[in-house]
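Just so you know, all these numbers are worked out from the coordinates, no wet-lab data involved. Fair warning: this is a prediction, and the values are worked out from it, not measured in the lab. Cβ placement follows ideal geometry from the backbone for every residue including glycine, while neighbour counts extend to all protein chains displayed.
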Amino acid sequence: MKPPPFDYQLADSVSQALDLYARSEGDALWLAGGHSIVPSLALRLQAPSLLIDISRLPELMGITLTEEGLRIGALATHAQILSDPLVRTHAPLLSEAAAHVAHPAIRNRATFGGNLVLADPASEFPAVVRCLDAVFDIVGPEGARQVGVEDFFLDLFTTALEPGEILRSVLIPPAPASLRCGFDELARRHGDFAMVGAAVWLVVAEGVTTEARICFHSVGPTPMRATLVEEALRGRPLAADEINAAQAVLGNDLDPADDVTLPGATRLHLARVLLGRILHRLAGQTAMETAA
Ligand SMILES: Cc1cc2nc3c(=O)[nH]c(=O)nc-3n(C[C@H](O)[C@H](O)[C@H](O)COP(=O)(O)OP(=O)(O)OC[C@H]3O[C@@H](n4cnc5c(N)ncnc54)[C@H](O)[C@@H]3O)c2cc1C
């Protein structure tokens with residue numbers, strides 16, 4: 001199908017982009033990598049009168065290490081997330097997940113910000129940034145604001161972003177000492193959207209898990225934290241019995257719905273398998289080299 005007619009404007013700065021949006025009276029959408037919005041226009045799921053291209057805005061570019069943590073510009077491509085040395089060192093969970101996102105041709109253009117704003121419940125990055133306790137730097141007609149990840153993903157394809165706001169960057173707080181983390185997913189073919197995926201972030205001191213953040217994707221309307229599993233792991237050795245116990249309580253955290261691709265019970269079973277697989281891997285791992 002062909003998209004309905006629309007105008008196109010390339011913005012040079014955030015202020016120009018916001019000005020163009022204001023003049024459209026709310027009938028415009030931002031265009032970043034275009035890998036989700038262009039198909040959705042072609043399918044006529046959306047019909048804005050104006051597309052404002054934000055893909056060249058310098059304010060949304062760059063990956064930098066600051067005192068507050070790793071700041072990743074919204075325009076960082078999936079390929080940059082996969083290969084950037086700062087991301088690989090300070091947020092390896094993100095680079096590990098990026099290898100599972102789509103295929104190289106898509107990763108070369110699709111942006112980190114576009115992926116997070118889309119908030120597809122099957123996407124890898126939203127689950128990972130929830131594990132990493134990310135902070136979203138947003139700018140809009142009312143100025144700039146910061147939103148913590150726990151308040152960002154609200155529902156299926158819905159975030160805290162108001163119409164006309166732009167995600168500028170995402171801050172990943174510094175990794176604590178003794179951090180162990182891992183990502184994995186189960187997909188029918190590598191690069192397909194996953195049947196289930198999980199990001200696991202643990203602080204393990206002298207063999208005991210002191211902090212745990214575990215987040216799944218493709219099992220609910222948003223990236224889903226498994227807080228009861230986290231609680232089951234906290235204060236205990238990271239060993240086979242505790243991993244079995246954690247797997248056993250996962251059904252109290254997740255309740256995936258049946259859909260045309262999989263029964264919910266199968267998806268929960270796969271989530272449990274994945275959780276055990278990652279935890280056993282982390283039990284045999286040492287802390288991240290970057291953790292001071
Ligand atoms: C064949 C294929 C396979 C894919 N496989 C996967 C996969 O396995 N896993 C996965 O997670 N994703 C997958 N994707 C989706 C891909 O990662 C998307 O491109 C990405 O999710 C959106 O990024 P984009 O830069 O292309 O955004 P766009 O398509 O340009 O925009 C997406 C939405 O976000 C808004 N937006 C974009 N940037 C900003 C910003 N900075 N501030 C505010 N709003 C913004 C746009 O207005 C639009 O509503 C796949 C896509 C394709 C085409």
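The calculated 222 nm mean residue ellipticity attributable to helices in the chain amounts to -9000 deg cm²/dmol, summing -39500 (n - 2.57) over DSSP H runs of n ≥ 4 and dividing by all residues. Note on residue 120 and residue 16: the extension gain reaches 34.6 nm, defined as 0.36 nm multiplied by sequence separation minus the Cα-Cα distance. Sorted ascending by nearby beta carbons within 10 Å, beginning with the fewest, 61, 195, 1 become 1, 61, 195. Is the chain rounded, prolate or oblate when judged by the Cα gyration tensor, a ≥ b ≥ c being the square roots of its eigenvalues, rounded requiring a/c under 1.5 and prolate requiring a/b larger than b/c? Taking the square roots of the gyration eigenvalues as a ≥ b ≥ c, the chain is prolate.
Using a cut-off of 11 Å between beta-carbons, work out the net charge of the residues near residue 134 (Lys and Arg +1, Asp and Glu -1, residue 134 not included). My count for the surroundings of residue 134 gives -1. When each of 269, 35, 190 is scored by the number of other beta-carbon atoms lying within 10 Å, the sequence from fewest to most is 190, 269, 35. Put a plus charge on the Cβ of each Lys and Arg, a minus charge on the Cβ of each Asp and Glu, and nothing anywhere else: the dipole of the chain about its Cα centre is then about 840 debye. Summing charges over neighbours of residue 119, with a neighbour being any other residue whose Cβ is under 12 Å away from its Cβ, gives -1 when K and R count +1 and D and E count -1. Checking the a/c ratio against 1.5 first, then a/b against b/c, what shape does the Cα gyration tensor give for the range 1-110? Oblate, since a/c reaches 1.5 and b/c is not below a/b. Counting only Cβ charges, +1 for Lys and Arg and -1 for Asp and Glu, the dipole size of the range 151-279 around its Cα centre is about 380 debye. Highest mean packing comes first when the peptides 146-158, 245-257 are listed by Cβ atoms within 10 Å, giving 245-257, 146-158.
Computed over neighbours whose Cβ is under 12 Å from that of residue 10, the net charge equals -2, Lys and Arg +1, Asp and Glu -1. Ranked by the mean number of other Cβ atoms within 10 Å of their residues, highest first, the peptides 214-227, 16-29 come out as 214-227, 16-29.
By the count of other C-beta atoms within 10 Å, a proxy for reagent exposure, 67, 242, 142 are ordered fewest to most as 67, 142, 242. Extension gain for residue 7-residue 192 works out to 63.4 nm (0.36 nm per residue, less the C-alpha to C-alpha distance).
Of the peptides 199-206, 79-86, the ranking by mean beta-carbon count within 10 Å, highest at the top, reads 199-206, 79-86.
Gain on full extension, evaluated as 0.36 nm per residue between residue 68 and residue 83 minus their Cα-Cα distance, stands at 3.2 nm. The residue list 270, 114, 149 was ranked by how far each Cα lies along the charge dipole of the chain toward its positive end, using unit charges on Cβ atoms, and 270 comes out on top.
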